Amino acid sequence: MSFLGALAFLKQVPNVNITILGDRSLFEDYQAELNIDPAAASRLQIKHIPLLDSNIFGQLNLNNAPYVLSLLDDAIDSCLNRTYDAMITAPLQKSVMNESGIKFTGHTEYLAEKMQVKRVVMMLSGKDCTATKLQEDFRVALVTTHLPLREVPDAITYDAVLETIQIVHQTLKDQFGISHPRLKVTGLNPHAGEGGHLGMEEIDIIQPAIKYAKELAIDVTGPYPADTLFDLSRLSEVDAFIAMYHDQGLAPFKLACFGQGVNVTLGLPIIRTSVDHGTALMLAGKRKAEISSMVSAIELAFELAQHGTSNS
């Protein structure tokens, strides 16, 4: 998927180079694709990082779990030293990481820990989604990410909400080129707490965080009931939604943009994008996987890198 997605992007955009990190043997079946467009193929490089053990497409191998992290570490180091302008990650199988003895919650959390960033924000971004023929950008950021539902309320703190609002606001300005970002925030509980009758998080935590963000000259409103906030007909009125937890925000997003959305990590010292889906092991090595989200992830990383260059 990463190989074909990169090649598809390079055919459309000149003067860009892409390096894929991985064992060369994983890409042998795709070498014939390089003959289709030699000009694009010359700008696609493979940095050979050997597997630790054998590989069979579609089958998990616990012995290769550390190898996956070695790819991430190499990409992180290369982005930090500016060898690469951005990192685009393919999906990985979290279960094999944890079953191998490596505690792993997700890319987002791992990148934050490796780069010693206190808080990062996971945001999904979609444009021209064919499912609903959206013309505007649809962006949903999350206060919490990969947590069991029973742990979410404890993770919704004043600082978490405020810092998420600040990070989204600043990144939309600095990387997306939006001079005056407009943000809308969900509540945690049904009906945004129904005035305290269905929970106090809105009154005690979310509203005060929004109030202070407003005092910082951030254009943010809420909290709104999540079941009515995501009005696709009014996307032109908001630059990003902020949801309290994973499925609250990503269920409506993926209904509209699944397969074309991009996962962006905000708050890092580097640009990182990824696909909006999982590994689909049953499709591995069969050339049947949909590459549109990977192409979108590369396109957005390129746009963000270009914007950063123009501002430097």
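The values are calculated or read from the model by the stated rules, or taken from the named source; none is laboratory data. Computed from a predicted structure; not experimentally measured. Methodologically, a virtual Cβ is constructed for each residue, glycine included, from the backbone with ideal geometry; neighbour enumeration extends over all protein chains shown. What goes into the accessible areas is simple: the full protein's heavy atoms, side chains included, and nothing from ligands, DNA or RNA. Shrake-Rupley method; radii C 1.70, N 1.55, O 1.52, S 1.80 Å.
Annotations for the structure displayed:
- Some residue of the stretch 271-286 being at pLDDT 90 or above, of a type outside the set (V, I, T) and surrounded by 15 or more Cβ atoms within 10 Å (Cβ to Cβ): yes
- Which listed residue, of S70, S54, is part of a loop (DSSP other than H, G, I, E, B) and free of Cβ contacts under 8 Å to residues at least 24 places away in the same chain: S54
- Pairs where the first residue, in the stretch 100-121, is in contact (Cβ under 8 Å) with a residue 60 or more places away in the chain and open to solvent by 40 Å² or more (accessible area, probe 1.4 Å) and the second is of a type in the set (F, W, Y) and not in a loop (DSSP other than H, G, I, E, B), C-beta under 7 Å, 6+ apart: none
- Residue within the stretch 160-167 that is in contact with a strand residue (DSSP E or B) (Cβ under 6 Å, 6 or more places away or on another chain), of a type in the set (S, T, Y) and open to solvent by 10 Å² or more (accessible area, probe 1.4 Å) present: no
- Residues within the stretch 216-256 that are touching a Gly at 6+ places or on another chain (Cβ under 9 Å) and closer than 16 Å to A192 by Cα, tallied: 11
- Unmet criterion (only one of (1) within 30 Å of H307 (Cα to Cα); (2) assigned to a helix (DSSP H, G or I); (3) among the aliphatic types (A, V, I, L, M); (4) touching a helix residue (DSSP H, G or I) at 6+ places or on another chain (Cβ under 7 Å)) for L172: (4)
- All of L235, L188, L147 fail the test of being in contact (Cβ under 8 Å) with a residue 12 or more places away in the chain, of a type outside the set (V, I, T) and outside any loop (DSSP other than H, G, I, E, B), apart from L235.
- Single unsatisfied condition, G58 versus (1) over 21 Å from R272 (Cβ atoms); (2) modelled with pLDDT under 90; (3) touching a helix residue (DSSP H, G or I) at 6+ places or on another chain (Cβ under 7 Å); (4) surrounded by 14 or more Cβ atoms within 10 Å (Cβ to Cβ): (4)
- Candidate set from the stretch 14-28 (those that are at pLDDT 85 or above and part of a loop (DSSP other than H, G, I, E, B)); member that is farthest from A284 (Cα to Cα): V16
- Taking the listed residues Q31, Q45, the one that is over 24 Å from M97 (Cα atoms), open to solvent by 70 Å² or more (accessible area, probe 1.4 Å) and either assigned to a strand (DSSP E or B) or modelled with pLDDT of 90 or more (or both) is Q45, with no other qualifying.
- Yes/no for L147 being open to solvent by 50 Å² or more (accessible area, probe 1.4 Å), at pLDDT 90 or above, closer than 26 Å to Q306 by Cβ and out of contact with any strand residue (DSSP E or B) (no Cβ under 8 Å at 6 or more places or on another chain): no
- No other residue among G222, G199, G193 is surrounded by 20 or more Cβ atoms within 10 Å (Cβ to Cβ) and outside any helix (DSSP H, G or I) apart from G222.
- Residue match in the stretch 125-143 (condition: surrounded by fewer than 16 Cβ atoms within 10 Å (Cβ to Cβ) and in a helix (DSSP H, G or I)): no
- Some residue of the stretch 252-261 being open to solvent by 40 Å² or more (accessible area, probe 1.4 Å) and not in a helix (DSSP H, G or I): yes
- Some residue of the stretch 75-83 being surrounded by 20 or more Cβ atoms within 10 Å (Cβ to Cβ), at pLDDT below 95 and either under 22 Å from E303 (Cα atoms) or not hydroxyl-bearing (S, T, Y) (or both): no
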